[in-house]
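Each remark here refers to the structure printed beneath this line.
The values are calculated or read from the model by the stated rules, or taken from the named source; none is laboratory data. Remember, predicted model here, so these are calculated numbers, not experimental data. With ideal geometry, Cβ positions are generated from the backbone for all residues, glycine too; neighbour counts draw on all protein chains shown. Surface areas here come from the heavy atoms of the whole protein model, side chains and all, with no ligands, DNA or RNA. Shrake-Rupley method; radii C 1.70, N 1.55, O 1.52, S 1.80 Å.
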Amino acid sequence: MKNISATYKGLVTGGLMIVICIVCYFGLKIPFNSKEQFVVLAIYSAGIVWSLVTFKAAATEEKKFKDYFQTGFKTFIVVTLLMVIYCIVFYNFNTGIRDTWIAENNQMLLKEGNHMPAEIAENAKKMKSIFLPMMVGINLFKYLIIGVLITVITAGFLSQKKIKHGSVNCNTTF
């Protein structure tokens, strides 16, 4: 079997994550970016680990931490890019999520009782304009941080040198 590059593994992982997101949201009615979509993060983690483990298996010489990190980076940066693109498309086609979020915020402001209707309307207008950049930023940051953490941890384990244990003579007399 031909070795698949880390970039292609990122494409496969990101594609699978998008399919799972679509199934969860449209099929199972689980909101995008909710805590219940842990499966997406599990696939993300598994994709990075898959990339690093196969990199180690294909290595002909001992690799260093930076080599593993570069491989993991190639994988998680592609996944992050795909998920950010998906986020942009998803929220552009599902503006009801944004509108619901704004309506809930307006209700909260009305309950506080110290905001004028014009002020609430202006706040809603601002929220509408920042919603997409905010959601994209949150997803970008989330996938980058998780990708770095998974890569660093896995690369740390895989780059450890094997310690050869010699025989130990223990002659103890009491």
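So in region 1-26, with the set limited to residues that are out of contact with any helix residue (DSSP H, G or I) (no Cβ under 7 Å at 6 or more places or on another chain), modelled with pLDDT under 85 and exposed (fewer than 13 other Cβ atoms within 10 Å of the Cβ), which one is nearest to Phe90 (Cα to Cα)?
Only one residue fits best here, namely Phe26.
Would you mind finding the one in Lys29, Lys74 that is closer than 21 Å to Thr151 by Cβ and open to solvent by 80 Å² or more (accessible area, probe 1.4 Å)?
Lys74
What are the pairs with Cβ atoms under 7 angstrom where one residue, in region 148-159, is more than 18 Å from Gly10 (Cβ to Cβ) and the other, located anywhere, is charged (D, E, K, R) and open to solvent by 30 Å² or more (accessible area, probe 1.4 Å)? Sequence gap at least six, or different chains.
Ser159/Lys63; Ser159/Lys64
What's the number of the only condition in (1) over 23 Å from Ile138 (Cα atoms); (2) among the small types (Gly, Ala, Ser); (3) surrounded by fewer than 19 Cβ atoms within 10 Å (Cβ to Cβ); (4) modelled with pLDDT of 90 or more that Ala59 fails to meet?
(4)
Write out, first by first residue and then by second, each pair whose Cβ atoms fall under 8 Å of each other, whose residues are 6+ apart or on separate chains, and whose first residue, in region 117-128, is at pLDDT 80 or above and assigned to a helix (DSSP H, G or I) while the second is open to solvent by 50 Å² or more (accessible area, probe 1.4 Å) and aromatic (Phe, Trp, Tyr).
Every condition considered, the pairs that remain are Met127/Trp101.
Scanning for something of a type in the set (Lys, Arg), touching a residue at least 24 places away in the same chain (Cβ under 8 Å) and within 18 Å of Ile138 (Cα to Cα), does region 89-107 turn up at least one residue?
Within region 89-107 (the criterion being of a type in the set (Lys, Arg), touching a residue at least 24 places away in the same chain (Cβ under 8 Å) and within 18 Å of Ile138 (Cα to Cα)), the answer is yes, since at least one residue qualifies.
Pick from Val39, Val89: which is over 27 Å from Met127 (Cβ atoms) and either open to solvent by less than 50 Å² (accessible area, probe 1.4 Å) or assigned to a helix (DSSP H, G or I) (or both)?
Val39
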